[in-house]
Amino acid sequence: MAVRPTQLRRALLQSPSRLRQTAPNTIQHPELQHLLSAAPSAFSSACPFSSTITTRTQNTPDYAVPNPSRPTHFGFQTVTEAEKVERVATVFTSVAESYDRMNDLMSFGWHRIWKDYFVTSLNPGFSPLTSGLDPRAPQHILDIAGGTGDIAFRMLQTAHVVNGNPDVRVTISDINPAMLTVGKQRSTLLPASQQAALSFVEANAEDLTRTAPLSPPGTRTPAPTSTIPDASVDLYTVAFGIRNFSNIPAALREAYRVLKPGGVFACLEFSKADAHPLLNTLYKEWSFRAIPLIGQLVAGDRDSYQYLVESIEKFPSQAEFRDMIVDAGFVVGGQGYEDLTGGVAAIHKGMKPRV
Amino acid sequence: MPSPPAASRSAGAAAAVARRILHPSSLLPPGTTSLKPCLRAATTTTTHAHTTTPRHHLPASLPIPTRTSSRPYHSYSHPPPPGPFTPTESLLLAAAYRHVPTHGFSASALALGARDAGYLDISPTIVPDGVFSLVQWHLVTQREALAARSVALFGDGQKGPNVVASRVEALAWERLLGNAEVVWQWQEALAIMAQPSYVPASVKELAMLADEIWFLAGDVAVDPTWYTKRASLSAIYAAAELFMTNDRSLGFRDTQEFLRRRLQEASEMGNVARSVREWLSFTASAGINVLRSKGVQI
Ligand SMILES: C[S@@+](CC[C@H](N)C(=O)[O-])C[C@H]1O[C@@H](n2cnc3c(N)ncnc32)[C@H](O)[C@@H]1O
């Protein structure tokens, strides 16, 4: 965390010139086109997500409402949204233990630097100096798909230690109890004050009205007991998680719902290095040839690693994903995203406007 | 302004840099000059848009603080000016800018502005370049406000070669006064602009300012002096801006004097540039003749 933002910026940013344009509010992503044309009739009243419907605004487009039987992709395969949830769960239950090694392999260790930069650039817990009694304002950070705690722990470090603001709490939410359990174990190494500011909940990012406390390993996930209220979150983060979601538009709308006006959606995800053909070719060669093989050798699990590589390939481009964020109601600054390491990863940010 | 870093350090260095900048421009092939009108066309569109908007009824000689603080651009309730900012950025930056005189070009100013606008401490994180964007906000709004100042100063009076030089000085001085309200924060702003990743954008903004000043002053010459004029004005302006951060004289009179002297020197230097150019073209054609004599097809 000792890395200065300017240094990181220099090291990470490949294209300093920005296309300072407002995001066009058009959807070009083929997947979205596909989703837009999906028949609404496939959505039956017996759907397990029906409880959410009441909380969604009436003008939510059909493609942003989870539909268990709608087709989506799982890597290069086409599956239903419900099947994808199951299969992603299997992948992450399987890789939970080898997760750190996996991340190092897939990013050549860069993911640590990307995560540092992501958190530093968000500067959680920062409050201006004012003449008031306590200049520091409390913040609630929701780390979605927070799995093993990588982002949440950095957030606490920056907020509590660097910015001296103990009034920042972080909720780690993940659909997968195996990943959360690893995170919970790792959190025991944190200072007590930071542990006290953390909470762990199981939830599908597409429906944050149904959350459950983390269940002990081996037990069944308890029925959802609570909800993340509307307009209750200052900062919503999702790092290397969103490409695994079955219905990304639905997740973006949930992010919008739980954020306060002025709250920020921030996403760190593998992206497209298309602007740098050589880097792109090298990275694709590496990921498609080497990663599944190494996955087999290191974790004895070729298929899970094959999926992770394919899911990166299937994820929309920087501009397409920015358009999806804008479509969900967010406003952006600049071009709405920032490339890291030539676009191998990218940070997208959006703010919930006051209406 | 970090552009020619040496230029910012001292006045003498500024002249030296200006002289160095003069050289390459005189080496440009004749075809290159055709770029100029296109470049000008791009900037004039916004300029004309400004001169036609009736948002400047300010007399030319108000006391400095009143004038700068009452400039309509700086109100965040005002529709955002055109520029490189998205509407949301404009909203956050305009609100933050009101805190710059007390809090500097800082994260605190950004957060306080966000609070004023009804947003959160975390909201300004979507502004792509953070505090540098806040500096850019100052640079862009001040540059764009010059068109209105120009009308207030000169009206639509006739332009000619003998008035251009005095107008350049008057406009550069107007622009310097635009820094008066944030002058205590300006060294900090220069440090932000000097960060390597921000230098290209800062230099570009300085070049756009020089271009705007020459244009508003009524300079219509499209000839090889186009580059030298802009380069030397950039260097002089940058040096004067730095000088101003240490100027304690009443109404920044010393800065005004500094600016006048440097512009005077540069106009004398223009003659130097012309002779340098003549020498270069002579040498170049002589070189070509030598090559031809050796059988090279040129
Ligand atoms: C690659 S991990 C990222 C973990 C952590 N954020 C990091 O950066 O190290 C992806 C996580 O997304 C979670 N995930 C997948 N689908 C999800 C969903 N629909 N809702 C919530 N989390 C989900 C997985 O369980 C997994 O923990």
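Is it the case that some residue within the range B:179-193 is crowded, with 20+ Cβ neighbours inside 10 Å, within 14 Å of chain A (Cβ to nearest Cβ) and of a type outside the set (Lys, Arg)? Checking the range B:179-193: at least one residue is crowded, with 20+ Cβ neighbours inside 10 Å, within 14 Å of chain A (Cβ to nearest Cβ) and of a type outside the set (Lys, Arg). The residues in the range A:185-197 that are within 14 Å of the ligand (Cβ to nearest atom) and either under 26 Å from residue A:252 (Cα atoms) or open to solvent by less than 70 Å² (accessible area, probe 1.4 Å) (or both) can be counted, and the count is 1.
Determine whether the range A:304-320 contains at least one residue that is more than 16 Å from the ligand (Cβ to nearest atom) and within 14 Å of chain B (Cβ to nearest Cβ). Before you say what the answer is, go through the steps one by one.
Step one: of the range A:304-320, the residues more than 16 Å from the ligand (Cβ to nearest atom) are A:316-320.
Next, only the ones that are within 14 Å of chain B (Cβ to nearest Cβ) stay: A:318.
Yes, there is a match, as at least one residue in the range A:304-320 is more than 16 Å from the ligand (Cβ to nearest atom) and within 14 Å of chain B (Cβ to nearest Cβ).
Here residue A:313 fulfils each of the conditions (1) open to solvent by less than 60 Å² (accessible area, probe 1.4 Å); (2) in contact (Cβ under 8 Å) with a residue 60 or more places away in the chain apart from (1). Residue B:204 passes every criterion in (1) over 12 Å from residue B:176 (Cα atoms); (2) open to solvent by 50 Å² or more (accessible area, probe 1.4 Å); (3) part of a helix (DSSP H, G or I); (4) away from chain A (no Cβ under 14 Å) apart from (4). When residue A:135 is tested against (1) at pLDDT below 85; (2) more than 13 Å from the ligand (Cβ to nearest atom); (3) open to solvent by less than 40 Å² (accessible area, probe 1.4 Å); (4) part of a helix (DSSP H, G or I), exactly one condition is not met: (4).
Conditions (1) in a loop (DSSP other than H, G, I, E, B); (2) surrounded by fewer than 23 Cβ atoms within 10 Å (Cβ to Cβ), marked per residue:
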{"position": "B:115", "(1), (2)": "no, yes"}
{"position": "B:118", "(1), (2)": "yes, yes"}
{"position": "B:132", "(1), (2)": "no, yes"}
{"position": "B:150", "(1), (2)": "no, no"}
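For residue B:219, work out the one condition from (1) out of contact with any Asp or Glu (no Cβ under 7 Å at 6 or more places or on another chain); (2) within 14 Å of chain A (Cβ to nearest Cβ) it doesn't fulfil. Here residue B:219 meets the rest and fails (2).
Applying the criterion of being among the hydrophobic types (A, V, I, L, M, F, W, C) and within 8 Å of another protein chain (Cβ to nearest Cβ) to the residues of the range B:93-109, the residue that is nearest to residue A:139 (Cα to Cα) is B:107. Tell me which residues, restricted to the range B:220-235, are crowded, with 22+ Cβ neighbours inside 10 Å and out of contact with any Leu (no Cβ under 6 Å at 6 or more places or on another chain). Listed by number, the residues that qualify are B:226, B:229, B:230, B:231, B:232, B:233, B:235. When the residues of the range A:201-227 are filtered to those that are touching a helix residue (DSSP H, G or I) at 6+ places or on another chain (Cβ under 7 Å) and more than 12 Å from the ligand (Cβ to nearest atom), the one that is least open to solvent (accessible area, probe 1.4 Å) is A:215.
Checked against (1) part of a helix (DSSP H, G or I); (2) open to solvent by 40 Å² or more (accessible area, probe 1.4 Å); (3) not polar (S, T, N, Q), residue A:160 passes all but condition (2). The single condition among (1) within 11 Å of the ligand (Cβ to nearest atom); (2) within 17 Å of the chain's Cα centre (by Cα) that residue A:178 does not satisfy is (2). Under the condition of being at positive phi and β-branched (Val, Ile, Thr), the residues counted in the range B:131-155 number 0.
Residues in the range A:270-297 that are surrounded by fewer than 14 Cβ atoms within 10 Å (Cβ to Cβ) and in contact (Cβ under 8 Å) with a residue 40 or more places away in the chain: 2 in all.
Looking at (1) within 13 Å of the ligand (Cβ to nearest atom); (2) open to solvent by less than 10 Å² (accessible area, probe 1.4 Å), which is the only condition residue A:244 fails? Among (1) within 13 Å of the ligand (Cβ to nearest atom); (2) open to solvent by less than 10 Å² (accessible area, probe 1.4 Å), residue A:244 violates only (2).
Restricting attention to the range A:105-129, the residues that are within 11 Å of the ligand (Cβ to nearest atom), of a type outside the set (Lys, Arg) and away from chain B (no Cβ under 14 Å) total 4.
Quick check on residue A:171: is it of a type in the set (S, T, N, Q), more than 9 Å from the ligand (Cβ to nearest atom), modelled with pLDDT of 95 or more and touching a helix residue (DSSP H, G or I) at 6+ places or on another chain (Cβ under 7 Å)?
Numbers: of a type in the set (S, T, N, Q): yes; more than 9 Å from the ligand (Cβ to nearest atom): yes; modelled with pLDDT of 95 or more: yes; touching a helix residue (DSSP H, G or I) at 6+ places or on another chain (Cβ under 7 Å): no.
Against the criterion (of a type in the set (S, T, N, Q), more than 9 Å from the ligand (Cβ to nearest atom), modelled with pLDDT of 95 or more and touching a helix residue (DSSP H, G or I) at 6+ places or on another chain (Cβ under 7 Å)), residue A:171 does not qualify.
Just one of the listed residues (A:333, A:350) is assigned to a loop (DSSP other than H, G, I, E, B), facing chain B (nearest Cβ under 10 Å) and surrounded by 24 or more Cβ atoms within 10 Å (Cβ to Cβ), and it is A:333. Looking only at the range A:151-163, residues that are away from every other protein chain (no Cβ under 14 Å) and more than 14 Å from the ligand (Cβ to nearest atom) come to 4 in all.
Only one of A:264, A:326, A:238 is touching a residue at least 40 places away in the same chain (Cβ under 8 Å), within 16 Å of the ligand (Cβ to nearest atom) and either away from chain B (no Cβ under 14 Å) or within 29 Å of residue B:89 (Cα to Cα) (or both); which? Working first, answer last.
On the way: A:264 fails: within 16 Å of the ligand (Cβ to nearest atom); A:326 fails: within 16 Å of the ligand (Cβ to nearest atom).
After applying the criteria, what remains is A:238.
The values are calculated or read from the model by the stated rules, or taken from the named source; none is laboratory data. Keep in mind that what you see is a predicted model, and the values were worked out from it rather than measured. Quick reminder, even Gly has a Cβ in these numbers, built from the backbone with ideal geometry, and neighbours come from all protein chains shown. These area figures cover heavy atoms from the full protein model, side chains too; ligands, DNA and RNA do not enter into them. Shrake-Rupley method; radii C 1.70, N 1.55, O 1.52, S 1.80 Å.
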